[in-house]
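In what follows, a structure is listed as structure tokens, so that the remarks can point back to it.
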Amino acid sequence: METRQGYQKTKLGWIPENWGEDNLGNLSTYTKGYAFKSKDYCENGIRVIRISDTNANSIKDSNPIYISEGKALTFEKWKLYTNDLVFTTVGSRPPLYDSMVGKVIKVEEKYSDSLLNQNAVIIRGIEKQINQIFLFNQFKTKRYLRYIETIVRGNANQVSITLKDLFKFRIPLPPLPEQKKIAQILSTWDKAIEKKTQLIEQKKLLKKGLMQQLLTGKTRFDGFVQNHKFQKSKLDDFSLDWEMVKLGDLYDRLSTGMTPSRKYLEYFQGDILWVTSGELNYNVVTDTVEKITRVAQEKTNLKIYPKGTFFIAITGLEASGTRGRCAILGKEATTNQSCMAFPVNEAIDTMFLFHFYCHYGAKIAFRFAQGTKQQSLNSSIVKSIKIPLPTIEEQKKIASVLTKANNEIIKLEEQLIQLQQQKKGLMQQLLTGATRVSV
């Protein structure tokens, strides 16, 4: 029988011998959210937090609902306080984190005094037994996600969990001073992650404003301005200096791909990049989830597009997550029927087109996509769309500035990923007792 000095074997695995363990239900108190009535909602007052107001990690500020301060006085039981934990009890299966059942949000100070709506529950750790931040981090582990997967009930679209099952989740229990120290260390990383996230959001807002100015001609570079007037179009008001050109006048042929037959599994065991619309993430594509063989490419008559080809998503545009998606190939690749390819063209700078579509792609989908249940674009529709065309020199200048702004954001996002990975590594060590902290 395996033994480890200073450790004990438990249902949770090996933990330090001076640690305990217990069910969540024995370590916390809870309050179920209240079913507020829509007739009581008003434009301001005390905010009511619905599960639709949350994403994977926080409460969203968009589209808030309120009840009057007078009515709120009768609902003190459902008031949220800083560091309360909010659990969703209905939602989707893991790992759809933003809508996942069982996701856990730690309440920030600015949402304190809000009220919790139904289909969620407030969890507060019992102070003499467990530190609230230490408890919160238990629900950001893979072990917790795996547990939620075992207790979900319902069909594929809507599942739920019971509090009875949730409260059986096992929590390792270091002595309270050690819990507090672990919580302090992990909170340091949380603050760094939050700071980096806020900086990224600020940079994105600045870039959005910069795109609006440069892509309309409201802000111009020296040497290019001849006219200070603007012309109206279906997309925006653009500088009168710029000719409005149909995409069909720039591109003779706009093509799409296909999906090789799934009957032949070997078709998807090759090394040719095969791009799907989900991989058009306003980025440069250098790899794909699936790769196909030369035989699959030839049998399906798929074109291999060179590096620098611009792709847009053309199906599923009724979904906000797909509308406006685009990317540039960083390596040669083929694609499926949900993507449209724009070849490199001397008359238009590909990076200018990329930034233009990043900014206006969603609006293009709203205005031009056809279909009822599934909205899409086709070659004829896309060719009919008019876009502004500065001189190639001005295009390159605009693209250069926006690419620089975009690269700054990419660099910050890479730094954020590093911080998140570092925290995951710390959690794995500290929350299991593999690495001990001095108290």
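Would you mind counting up the charge near Gly330? Only other residues with Cβ under 14 Å from its Cβ, with Lys and Arg at +1 and Asp and Glu at -1. Mind dumping the intermediate values first?
Values: positive: Lys307, Lys331; negative: Glu279, Asp287, Glu332.
That sum, taken over residues with Cβ under 14 Å, equals -1.
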Compute the length gained on full extension between Ser160 and Asp237: take 0.36 nm times their separation in residues and subtract their Cα-Cα distance, giving the result in nm to one decimal.
22.9 nm
Highest-first arrangement of 173-185, 231-243, where packing means the average Cβ count within 10 Å
173-185, 231-243
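For Lys71 and Asp222, what does the FRET efficiency come to when R0 = 56 Å and r is the distance between their Cβ atoms, rounded to the nearest 0.05?
Working: r = 59 Å, r/R0 = 1.05.
Taking R0 as 56 Å, the efficiency between Lys71 and Asp222 is 0.40.
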Would you please state which residues of region 288-329 a label at Phe366 would reach in this model, taking the label point 7 Å out along Cα→Cβ and a backbone N cut-off of under 19 Å?
313-326
Pseudo-spin-label distance Val284 to Lys195, built 7 Å along Cα→Cβ, given in nm, is 3.0
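In deg cm²/dmol, rounded to 500, what helix-only [θ] at 222 nm does the chain give when every DSSP H run of at least 4 residues adds -39500 (n - 2.57) and the total is split over its residues? Working shown, then result.
Values: 11 runs with 144 residues, N = 439.
Counting only the DSSP helices, I get -10500 deg cm²/dmol.
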Taking the Cβ-Cβ separation of Thr31 and Glu332 as r and a Förster radius of 41 Å, what is the calculated FRET efficiency to the nearest 0.05?
0.10
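Count charges around Pro177 for me, please; just the other residues with Cβ under 14 Å from its Cβ, Lys/Arg as +1, Asp/Glu as -1. Intermediate results must be reported in sequence, preceding the final value.
Numbers: positive: Lys128, Lys180, Lys181, Arg436; negative: Glu127, Glu178.
Neighbourhood net charge equals +2.
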For region 134-188, just list the percent of Cα-Cα distances falling in each 5 Å bin from zero outward, please.
4, 16, 23, 19, 15, 11, 6, 4, 1
Which one, Leu247, Tyr147, Phe342, projects farthest toward the positive side of the charge dipole computed for the chain from Cβ point charges (K/R +1, D/E -1)?
Tyr147
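What is the local net charge at Val284, summed over the other residues whose Cβ is closer than 10 Å to its Cβ (Lys, Arg +1; Asp, Glu -1)? Could you put the intermediate results ahead of the total?
Working: positive: Lys307, Lys331; negative: none.
Result for the local shell: +2.
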Got a sec? Which residues in region 99-123 would a label at Lys79 touch, if it sits 7 Å along Cα→Cβ and we count backbone N under 18 Å?
107-117, 122-123
What is the calculated FRET efficiency for Lys303 to Glu149, with r their C-beta to C-beta distance and R₀ = 41 Å, to the nearest 0.05?
0.50
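Strictly over 24 Å apart at the Cα level, which of Lys207/Lys331; Lys207/Lys424; Lys291/Lys331; Lys9/Lys191; Lys218/Lys386; Lys32/Lys191 would you flag in this model?
Details: Lys207/Lys331 26 Å; Lys207/Lys424 30 Å; Lys291/Lys331 13 Å; Lys9/Lys191 34 Å; Lys218/Lys386 19 Å; Lys32/Lys191 29 Å.
Table pairs above 24 Å Cα-Cα are Lys207/Lys331; Lys207/Lys424; Lys9/Lys191; Lys32/Lys191.
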Once you've got the Cα coordinates, tell me which of Lys11/Lys128; Lys77/Lys181; Lys37/Lys373 are over 26 Å apart.
Lys77/Lys181; Lys37/Lys373
Roughly how many whole Å is it from the C-alpha centroid of region 50-119 to that of region 130-178?
17
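Here are some pairs, Lys229/Lys307; Lys232/Lys396; Lys39/Lys234; Lys110/Lys204; Lys79/Lys103; Lys263/Lys307; which of them have Cα atoms lying more than 27 Å apart in this structure?
Working: Lys229/Lys307 37 Å; Lys232/Lys396 23 Å; Lys39/Lys234 39 Å; Lys110/Lys204 23 Å; Lys79/Lys103 19 Å; Lys263/Lys307 30 Å.
Result: Lys229/Lys307; Lys39/Lys234; Lys263/Lys307 exceed 27 Å.
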Cα-projected label distance for Lys246 with Lys168, points at 7 Å along beta-carbon direction, nm:
6.6
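Among Thr259, Thr29, rank each residue by its count of other Cβ atoms within 10 Å, from fewest to most, as a rough exposure measure.
Numbers: Thr259 18, Thr29 10.
Going from sparsest to densest Cβ surroundings: Thr29, Thr259.
Kindly rank 113-124, 275-286, 296-307, 34-45 from highest to lowest mean number of other beta carbons found within 10 Å of each residue. Walk me through the numbers on the way to the answer.
Values: 113-124: 19.7, 275-286: 17.7, 296-307: 16.0, 34-45: 11.5.
The densest-packed peptide leads the list: 113-124, 275-286, 296-307, 34-45.
Looking at the chain, I'd like the Rg to Rh ratio, where Rg is from alpha-carbon atoms and Rh is Kirkwood's inverse mean 1/r. Can you show the working numbers first?
Working: Rg = 26.7 Å, Rh = 25.6 Å.
Ratio of gyration radius to Kirkwood radius: 1.04.
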Sorted by Cβ neighbour density within 10 Å, fewest at the top, the residues Met351, Met340, Met1
Met1, Met351, Met340
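Could you put Phe310, Phe268 in order, starting from the residue whose Cβ has the fewest other Cβ atoms within 10 Å? It would help to have the intermediate numbers written out before the result.
Working: Phe310 22, Phe268 17.
Starting with the residue having the fewest Cβ neighbours, the order is Phe268, Phe310.
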For region 349-439, listing trypsin sites (Lys or Arg not before Pro) in a DSSP loop whose Cβ sees at most 10 other Cβ atoms within 10 Å gives Lys373
Extent of region 21-172 along each principal axis, from alpha carbon coordinates, in Å, largest to smallest?
43, 40, 23
Estimated inter-spin distance, Ser112 and Lys39, nm [label 7 Å along Cα→Cβ]
3.5
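Read-outs: derived from the displayed coordinates by stated rules, not from any lab. All values derive from a computational prediction rather than experimental measurement. Ideal geometry is used to build each Cβ from the backbone, glycine not excepted, and the neighbour counts take in all protein chains shown.
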